[in-house]
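Below is one structure, written out as structure tokens; the observations come after it.
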Amino acid sequence: MKYLIANWKAQITLAEIIEWTETFKDQLSQDTKLQKKLSDNEFKIIIAPPYPYILYVKNHFEQLPGIEIGAQNVSAYKEGKYTGEVTAKALKDITSYAIIGHSERREYFHESEEDIEKKISFCDQYNIAPILCIRNDTDTVYPESPILAFEPVEAIGTGENADVSYVLEMKKKIQLPEGSSYLYGGSADSTNINDYLDTGEIDGFLVGTASLDPREFYAMAREM
């Protein structure tokens, strides 16, 4: 399966999301070819808003085939008196996917492999598909991960996407779980994704900066 994932991070307000949603839906409504691709399950679009806006985005896209909602993270705790945490149990009825182990979580919030393993276990327990991010071949690849996103730290948010050969080399080095999809993330946009897609070995993209512009994200979707 191929995926195009929008990770909005903590970079967008409700007003901007309303505008994004209206713009993207307007472009999609006029594109019967893209609608058919999504309806035929040729690929999925996953949108991961900040927690407060998940339901807003879900309500606007849940009737459209091929578009699903993800969370940017889940708690390493199951449930209980953990102020500020959002658990997999709390998300199970509103999201189908969750981004786990993003390099920004590892760096700024000091997430360990133990934390990541717990999060993946909770996702599995509550039927949320984890999108596991890895930075290199030393990060642990968990067998419960149906989607693996390789995001070299030096390419994230820099405007300098990684060389295709390097991304393919990393795919050979890591042990992909059987049947899993291999995604690239790191300054991916509509001008460079075909370089990866043309190899036939990259199954999609985890998109940060470029996903904040609905027209740019739509342009990427058209290339899938």
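The values are calculated or read from the model by the stated rules, or taken from the named source; none is laboratory data. This is a predicted model, so every value here is computed, not measured. In this analysis, Cβ positions are derived from the backbone assuming ideal geometry, glycine residues included, and neighbour counts consider all displayed protein chains.
Each row is one residue, and each column tells you yes or no for (1) in contact with a Ser or Thr (Cβ under 8 Å, 6 or more places away or on another chain); (2) in a helix (DSSP H, G or I); (3) under 20 Å from residue 143 (Cβ atoms).
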residue	(1), (2), (3)
82	yes, no, no
85	yes, no, no
90	no, yes, no
95	no, no, no
98	no, no, yes
107	no, yes, no
114	no, yes, yes
117	yes, yes, yes
122	yes, yes, yes
TODO: Check 28, 4, 55, 14 and return the single one that is hydrophobic (A, V, I, L, M, F, W, C), over 21 Å from residue 148 (Cα atoms) and within 19 Å of the chain's Cα centre (by Cα).
DONE: 55
TODO: Answer yes or no as to whether residue 179 is surrounded by fewer than 14 Cβ atoms within 10 Å (Cβ to Cβ) and either in a loop (DSSP other than H, G, I, E, B) or touching a Ser or Thr at 6+ places or on another chain (Cβ under 8 Å) (or both).
DONE: yes
TODO: Scan region 122-167 for residues that are under 11 Å from residue 184 (Cα atoms), free of Cβ contacts under 8 Å to residues at least 60 places away in the same chain and either of a type in the set (Val, Ile, Thr) or touching an Asp or Glu at 6+ places or on another chain (Cβ under 6 Å) (or both) and report the count.
DONE: 4
TODO: Please identify the pairs in which a residue from region 88-108 that is of a type in the set (A, V, I, L, M, F, W, C) has its Cβ atom under 8 Å from the Cβ atom of a residue that is at pLDDT below 95 and surrounded by fewer than 16 Cβ atoms within 10 Å (Cβ to Cβ), counting only partners at least 6 apart or on another chain.
DONE: 88/78; 90/79
Open item on the list: Looking only at residues that are surrounded by fewer than 17 Cβ atoms within 10 Å (Cβ to Cβ) and not hydrophobic (A, V, I, L, M, F, W, C) in region 6-26, which one is nearest to residue 74 (Cα to Cα)?
Closed with: 11
Task: Matching entry among 81, 118 (being surrounded by 15 or more Cβ atoms within 10 Å (Cβ to Cβ) and either of a type in the set (D, E, K, R) or under 17 Å from residue 186 (Cα atoms) (or both)) - done: 118
- [ ] Assess whether residue 27 counts as being more than 17 Å from residue 100 (Cβ to Cβ) and modelled with pLDDT under 95.
- [x] no
Open item on the list: So if I check each of 54, 17, 5, 12, which one is part of a helix (DSSP H, G or I) and touching a Phe, Trp or Tyr at 6+ places or on another chain (Cβ under 9 Å)?
Closed with: 17
TODO: With respect to residue 218, determine if the residue is closer than 23 Å to residue 21 by Cα, among the hydroxyl-bearing types (Ser, Thr, Tyr) and assigned to a helix (DSSP H, G or I).
DONE: yes
Task: Candidate set from region 84-115 (those that are small (Gly, Ala, Ser) and more than 30 Å from residue 38 (Cβ to Cβ)); member that is surrounded by the fewest Cβ atoms within 10 Å (Cβ to Cβ) - done: 84
